Amino acid sequence: MSAFEDRPGAPGLDTSSIEAAAHILVVEDDAAISAMVTSFLQIEGYSVDAVSNGRALDVRLARSRVDLILLDIMLPEESGLDICKRIRAAGDTRIIIVTALAEVADRVAGLDLGADDYIGKPFELVELAARVRAVLRRIAPRGAGTHDMLQFAGWRFEPARRLLYTPKGVRTALTGSETDMMLTFYQHPGQVLSRAQLMSLLRGRDGVMEERAIDLLVSRLRRKLAHGGRQLELIRTVRGDGYEFDPRPEIGGGTRP
């Protein structure tokens, strides 16, 4: 059986959009799968290269910029998860994990290491195209400058640069998914958002995010929003309903006037 399924009717790209010029690197050791995915993405209008292992990926990244990496988990020599971890530590290149592993915990592991999304084998090419578009859409247009600096509870947030600054000015980097989640909360202050609403706001029509991934992203944001060793209740759990972003929190669970 093929590692993915081709289906007719995959939507074409709007060539006026930023993703039309994106450079994608496919990291896959199965030559047939690599060739098929590469050909499909080239037909969709992307610039695409392919490598089969971590060493070849490093050589390719050293030569020129890559906007998005499609990274298989089951690779020879070095696993995709290990590669994901060191790529994220070195920079902010977008990463979509490709996995045949069935367990949610295995897929979530990629997100926990900083991947922007994942897709499971076997997959339909139309779904791959949708997830690629969704991830690339997060990239700010070149030459367009940075997004406005957003502020809350003494924090500063730069979505386009994927950065948070603590009230003391300490900079914290965010992954693409964390940035999307933070911006979603910022745009809905004081509103209780269910997991289903968050999944819809984060993915729209371009894919599906599991509830477990929502909980993981919230947990990661809370860790990064820790302040002075004490947890600011910026993102509250509303039991049975979802999450609420409070831009005027009290430290340690106090009551606001």
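No lab work stands behind these numbers, since they all come straight from the coordinates. Remember, it's a predicted structure, so these values are computed and weren't measured experimentally. No Cβ is skipped: glycine too gets one built from the backbone with ideal geometry, and neighbour counts run over all protein chains shown.
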When the Karplus curve 6.51 cos²θ - 1.76 cosθ + 1.60 is applied with θ = phi - 60°, which whole-Hz ³J(HN,Hα) does each residue of segment 40-47 get, with x for Gly and Pro? 4, 5, 5, 4, 6, x, 8, 8
For segment 68-76, just list the computed ³J(HN,Hα) in residue order, Karplus coefficients 6.51, -1.76 and 1.60, θ = phi - 60°, integers in Hz, with x standing in for Gly and Pro. 8, 10, 8, 10, 6, 6, 8, 10, x
Pulled fully out, how much extra length does the chain show between residue 192 and residue 211, if you take 0.36 nm times their separation in residues and subtract their Cα-Cα distance? 5.3 nm
Any lysines whose Cα falls less than 18 Å from that of residue 85, other than same-chain ones fewer than 8 residues away, would be 224
Per-pair calculated FRET efficiency, R0 = 25 Å: residue 219 and residue 77 via Cβ, rounded to 0.05: 0.20
Here the Cα Rg-to-2.2 N^0.38 Å ratio for segment 150-245 is 1.04
